[in-house]
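Asks: One structure coming up, written as structure tokens, with questions to follow.
The values are calculated or read from the model by the stated rules, or taken from the named source; none is laboratory data. None of the values given here were measured: they were computed from a predicted structure. Here Cβ is always computed from backbone atoms with ideal geometry, including for glycine, and neighbour counts include all displayed protein chains.
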Amino acid sequence: MRKTDPSRSPGAALLVAVLPVLVAAPVQAAESFPSRPIRMIVPFSAGGASDGPARIYAAEMNKLSGQQMLVENRPGAGSVLGAEIAAKATPDGYTVFMISNTHYVSAAIHRKLPYDALTDFTAITGLTAAQNILVVHPSLGVRTVKELIALAKKRPGAINWASSGNGGTQHLTGSLFASMAGIDMVHVPYRGSGPATADLLAGQVAVGFPGIAGMVAFVQSGKLRALGVSASRRSPLMPEVPTIAEAGVPGFELVPWFGLSGPRGMPEPIVTTLHRLSVKAIANTTPAMAQIGQEPFTHASPADFAAFQQKEAPKWAKLARASGATID
């Protein structure tokens, strides 16, 4: 019986003809990227702390890429809803995700997620980082971190402190502060920064740990008193305010951050393009970001950002569990 040469079969011939096209298509797509608008999923409400930096960054990306970057706010379940949409999107670079430390808080407090917080996403780069600030109502009568700690130890369980919500960055900052300072204060969670700030200004609660940008005017007018910032160095917005670490709680540091990720499996050339454009966009928008309390937080490569997240995930998970945060 005559043997058939597999390489001469019609199917083999078709495969040989089509294979170069299949290989060339992703390469050509990467070379022309972006050729249409990019959707950026922001897993928080419009007008929130993440919305300002997202829109400043997106506007600059429009200029640099020649295509629109469309901000799509998809709040829900502590960033889980937006993360799920991003994780399940086609990994072609046209859907990206504004990731933050909250991504890993949610992973810690939800029993089951529709994605893996680390492995179902492609790291691109960090974008910006911010600071929270420890403020008190003047009626509390304290002017320094050490005075607040002394008063709290003298009156355990008698001082209320506000946060923007259970499991949020303000909550974790306050929880870490109380733990490291060895004090007992009562946490009062609100549904958002607005209501928390309103009651803090009214003296209904005495202490808060909000984002620094929104507190500058209140501190300057004397409506609130600033005691310390949450990062390891002082903020350019209020350089006269010490860090919490130097003001009385050595080693204290907590820095909320935002970054850019995409679905798992994005082509490396597209990831590299997004990284390059993003780093330039953040550099170009540094003055505008500073006005809303955001500082540059980009990484040298996508791999560096991935390594950063590997370290951040357990840190924020530990903070979430220690705070007693639960799903609202």
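Asks: Which members of the range 205-222 meet the condition of being in contact (Cβ under 8 Å) with a residue 12 or more places away in the chain and surrounded by fewer than 16 Cβ atoms within 10 Å (Cβ to Cβ)?
Replies: Once the filter is applied, which keeps residues that are in contact (Cβ under 8 Å) with a residue 12 or more places away in the chain and surrounded by fewer than 16 Cβ atoms within 10 Å (Cβ to Cβ), the range 205-222 yields Gly214, Gly222.
Asks: Then there's this: Please state which of the following conditions Ala202 fails to meet, knowing it meets all the rest: (1) at pLDDT 95 or above; (2) closer than 27 Å to Tyr104 by Cβ; (3) not polar (S, T, N, Q).
Replies: (2)
Asks: Checking the structure you have, find out if any residue of the range 55-63 is at pLDDT 95 or above, part of a helix (DSSP H, G or I), within 21 Å of Pro210 (Cβ to Cβ) and in the same structural domain as Gly293 (by TED's automatic domain parsing).
Replies: Checked against the condition, which is being at pLDDT 95 or above, part of a helix (DSSP H, G or I), within 21 Å of Pro210 (Cβ to Cβ) and in the same structural domain as Gly293 (by TED's automatic domain parsing), the range 55-63 yields at least one hit.
Asks: Here's something else I'd like to know. Under the condition of being touching a strand residue (DSSP E or B) at 6+ places or on another chain (Cβ under 6 Å) and hydroxyl-bearing (Ser, Thr, Tyr), which residue from the range 250-307 is farthest from Ile124 (Cα to Cα)?
Replies: Thr286
Asks: Residues Ala288, Ala226: which one is in contact with a helix residue (DSSP H, G or I) (Cβ under 7 Å, 6 or more places away or on another chain), touching a residue at least 60 places away in the same chain (Cβ under 8 Å) and not in a strand (DSSP E or B)?
Replies: Ala288
Asks: How about the range 158-175: which of its residues are buried (at least 20 other Cβ atoms within 10 Å of the Cβ), within 15 Å of Pro210 (Cβ to Cβ), touching a residue at least 40 places away in the same chain (Cβ under 8 Å) and of a type outside the set (S, T, N, Q)?
Replies: Trp161, Ala162, Gly168, His171, Leu172 - these are the residues of the range 158-175 that are buried (at least 20 other Cβ atoms within 10 Å of the Cβ), within 15 Å of Pro210 (Cβ to Cβ), touching a residue at least 40 places away in the same chain (Cβ under 8 Å) and of a type outside the set (S, T, N, Q).
Asks: Considering only strands (runs of 3 or more DSSP E) fully contained in the range 101-166, which possess at least 3 residues that are closer than 27 Å to Lys88 by Cα and either at pLDDT 95 or above or basic (Lys, Arg) (or both)?
Replies: 121-129
Asks: Answer yes or no: is there a residue in the range 40-62 that is over 26 Å from Lys311 (Cα atoms) and among the aromatic types (Phe, Trp, Tyr).
Replies: no
Asks: State which residue is nearest to Phe121 (Cα to Cα) when the search covers only the range 309-328 and only residues that are out of contact with any strand residue (DSSP E or B) (no Cβ under 7 Å at 6 or more places or on another chain) and among the polar types (S, T, N, Q).
Replies: Gln310
Asks: Something else: Just wondering, is there one or more residues in the range 167-184 that are farther than 11 Å from Ser323 by Cβ, among the small types (Gly, Ala, Ser) and out of contact with any helix residue (DSSP H, G or I) (no Cβ under 8 Å at 6 or more places or on another chain)?
Replies: Within the range 167-184 (the criterion being farther than 11 Å from Ser323 by Cβ, among the small types (Gly, Ala, Ser) and out of contact with any helix residue (DSSP H, G or I) (no Cβ under 8 Å at 6 or more places or on another chain)), the answer is no, since none of the residues qualifies.
Asks: Which condition does Leu237 not pass, out of (1) touching a residue at least 24 places away in the same chain (Cβ under 8 Å); (2) farther than 17 Å from Leu172 by Cβ; (3) part of a helix (DSSP H, G or I), if it passes all the others?
Replies: Here Leu237 meets the rest and fails (3).
Asks: Also, quick follow-up: Could you list, in sequence order, all residues of the range 291-328 that are of a type in the set (S, T, N, Q), at pLDDT 95 or above and not in a loop (DSSP other than H, G, I, E, B)?
Replies: Scanning the range 291-328 gives Gln309, Gln310.
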